[in-house]
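What follows is a single structure, written as structure tokens, with notes after it.
The values are calculated or read from the model by the stated rules, or taken from the named source; none is laboratory data. Source: prediction; values computed, not measured. Positions of Cβ are backbone-derived with ideal geometry, glycine not excepted, and every protein chain shown enters the neighbour counts. Each accessible area value is taken on the protein alone, full model and side chains, heavy atoms only, with ligands, DNA and RNA left out. Shrake-Rupley method; radii C 1.70, N 1.55, O 1.52, S 1.80 Å.
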Amino acid sequence: MSTSFAEENYLKIIYRLSEGHDDDISTNAVAELTQTKAASVTDMLRKLAEKGWVHYQKYQGVRLSPEGEKIALGIVRKHRLWEVFLVEKMGFNWDEVHEIAEQLEHIESDSLIEKLDAFLEYPKTDPHGDPIPTKNGVMPELGYLHLSDIKAGKRCVLMGVAKDSAVFLQLLTKMQLSLGSALYVQEVNAFDRSISVSIDNAPAAFISHEVAKNILVKLA
């Protein structure tokens, strides 16, 4: 059964909202991310339910069916592979690729995506450090930590971001932070939880708690 652009976008958004928990997703939450009126969201959820891609009950919320999750993971896979291609092969910055990949993710050719995966030498993560689902629909667990949770005196490596908006990524670039940056947490401010961090052995810089909680790291 073929899917429309709108249907794919809804399935991807429901998947995004459901990551990390098993609770049903509210119609209002979907409406907020899609920037659509709740009544229109309800109509779409009913259509998705009729196709067997979601479980939906009015006033109780929505969750993906196994088939819906498979479709959503396929879309996420295509999106993240295209982001890798755009950064590594086309020379885009990591803050420029999301909207382009939003368009490319709707290409239906499975053979193209498998050739793209092979051409890129089977990357495990996208340019923002997000895991790329396998062709069998398995989302790898990376187990990264938030920089905001790292204690003073610890070393870590920047592995990804929890927020991939262009404005946030541009801020990190301005701070000379990128995937693979070596970080040493010198001090955690008790008042506002801002941190003093040495980036790649440079003199320490202050990072706000809001920024630090959206930076994903692993201990070095």
**Report entry** Sparse-neighbourhood loop sites, GluC sites (Glu not before Pro) in segment 71-157 - DSSP loop, at most 11 other Cβ within 10 angstrom
**Finding:** 108, 121, 141
Report task. Let me know the charge dipole size of the chain about its Cα centre in debye, to the nearest 20, where only the beta-carbon of Lys, Arg (+1) and Asp, Glu (-1) is charged. Result -> 360
Query raised in the report: What net charge do the residues around residue 15 carry, taking every other residue with its C-beta under 12 Å from that of residue 15, with Lys and Arg at +1 and Asp and Glu at -1?
Result: +2
Query raised in the report: Just in segment 129-220: which chymotrypsin sites (Phe, Trp or Tyr not before Pro) are loop by DSSP and have at most 13 other Cβ atoms within 10 Å?
Result: 191
Query - Base-10 log of normalised Debye intensity for segment 46-99 (one unit scatterer per alpha-carbon) at q = 0.19, 0.27, 0.28, 0.29 Å⁻¹ - result: -0.68, -0.94, -0.98, -1.02
Query raised in the report: Under the Kirkwood approximation for Rh and a Cα-based Rg, what ratio Rg/Rh is obtained for the chain?
Result: 1.01
**Report entry** segment 5-64 - Debye-derived log10 I(q)/I(0), Cα point model, q = 0.19 Å⁻¹
**Finding:** -0.57
Query raised in the report: What ratio of Cα Rg to 2.2 N^0.38 Å holds for segment 22-133?
Result: 1.22
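Going through the cross-link list 12/115; 47/115; 115/174, which pairs have a Cα-Cα distance over 28 Å in this structure?
Going by Cα-Cα distance, 47/115; 115/174 fall outside the 28 Å limit.
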Query raised in the report: Given springs between every Cα pair under 10 Å in a Gaussian network model of the chain, which of 74, 52, 137 has the largest fluctuation?
Result: 52
Report task. With a cut-off of at most 10 other beta carbons within 10 Å, and DSSP calling the residue loop, which chymotrypsin sites (Phe, Trp or Tyr not before Pro) in segment 27-134 qualify? Please list them. Result -> 59
**Report entry** Accessible surface of the chain [probe 1.4 Å, protein heavy atoms]: carbon and sulfur percent
**Finding:** 50
Requested in this report: Evaluate the Kirkwood expression for the hydrodynamic radius of segment 145-219, namely the inverse of the mean inverse distance over all pairs of different C-alpha atoms, and round to one decimal in Å.
Outcome: 11.9
Query - Two-decimal log10 I(q)/I(0) for segment 74-142, as the Debye equation yields it once each C-alpha is a single scatterer, q = 0.13 Å⁻¹ - result: -0.30
Report task. With unit charges on the beta carbon (Lys/Arg positive, Asp/Glu negative), name the residue among 180, 196, 111 whose Cα is farthest towards the positive pole of the charge dipole of the chain. Result -> 196
